[in-house]
Every structure is written in C-alpha cells, then in structure tokens.
1. Could you compute the FRET efficiency for Thr63 and Thr40, with r as their C-beta to C-beta distance and R0 at 41 Å, rounded to 0.05?
2. Near Lys4, which lysines are there with a Cα under 23 Å away, not counting those fewer than 8 places off in the same chain?
3. Using DSSP to define loop residues, name the trypsin sites (Lys or Arg not before Pro) in the stretch 2-32 whose beta-carbon has at most 15 other beta-carbon atoms within 10 Å.
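A short reminder: the numbers here are calculations on the coordinates, not readings from a lab. The structure displayed is predicted, hence computed values, not measured ones. Cβ placement follows ideal geometry from the backbone for every residue including glycine, while neighbour counts extend to all protein chains displayed.
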Amino acid sequence: MQLKIVELFEDPAVRAANPKLAAYLFAGRAFMIGSGLAITGSLAATMAVAMAMKVNTLKEFSTKARELAVQRFPALRGNYTSEDDNGTDEGSSQFLKELREEIAREEAEGAQEFPEGSVHSIIRDRVRFELGPFAKGGSS
C-alpha cells in the first residue's frame, strides 16, 4: 500500500487509515512551524535591538554596548587586570591562617577520627596543593 503524501495531508479518510503516519506528519509540521516562529522571532528581536542602538555591524554593537554599560553602571569602569585574579583579600588570608593553625593544633593533639587511607591522602595532598603556603608543609 503506497500513500501519496499529498493525499495524507488533504484527505481525512487517508489519515484515519494510517494514524501513526498521520501523527508523525503532524509532529513534523508542528516542529517546522515552531522552528520557523523561533527563528523569525529571534531575527525580529535582533533587528529591533540593532535599530534601537543604531548599529549595523557586530563591532559597532560591541562598542556601543560597552559604552552603554559604562554609562548605566559606573562600577564597571574599574581597571580590571588579570593580576586581580592572583591576589587574595585580607579576609581570605586571615581565614586561611586560622585554618592552618587549627589543623596544626589538631595534628599536635593527635586527634584523628578516621584512619588514613589512600583517599584521605589524595584529598590531603590536593588541599595542600590548593592552599599553597597556607597549608602545613607547603604544596606537595
């Protein structure tokens, strides 16, 4: 039994005779309509933003967006550099020093709740690596 696709779309009797195929066609049609609406909406939103900002290229948009961000949010004007990632603030530094002292105190008292296993040594080494000079014994 061969069905012509046109008959499936136009004739309800043909759709009733093969409901599974009709359901697939309905789902495919719904997907295509939804995709078309999403693409059209995205393009319309993009064009509206471009017209509102009076830009024509991505470079113009980038420059204009940066200017608007600095105008509306003056705190973004800061001089951020990659060196800012390497520094620690005073609160973090103080916390890590206190943590180091507490760990040293617990080790001196010999308080160890769990037996040292391979997992514990991996975690200990990772913590010492991450804390760097704040960890007892430095990085491993």
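1. Given R0 = 41 Å and the Cβ-Cβ separation, E is 0.90.
2. Lys20
3. Filter output for the stretch 2-32: Lys4.
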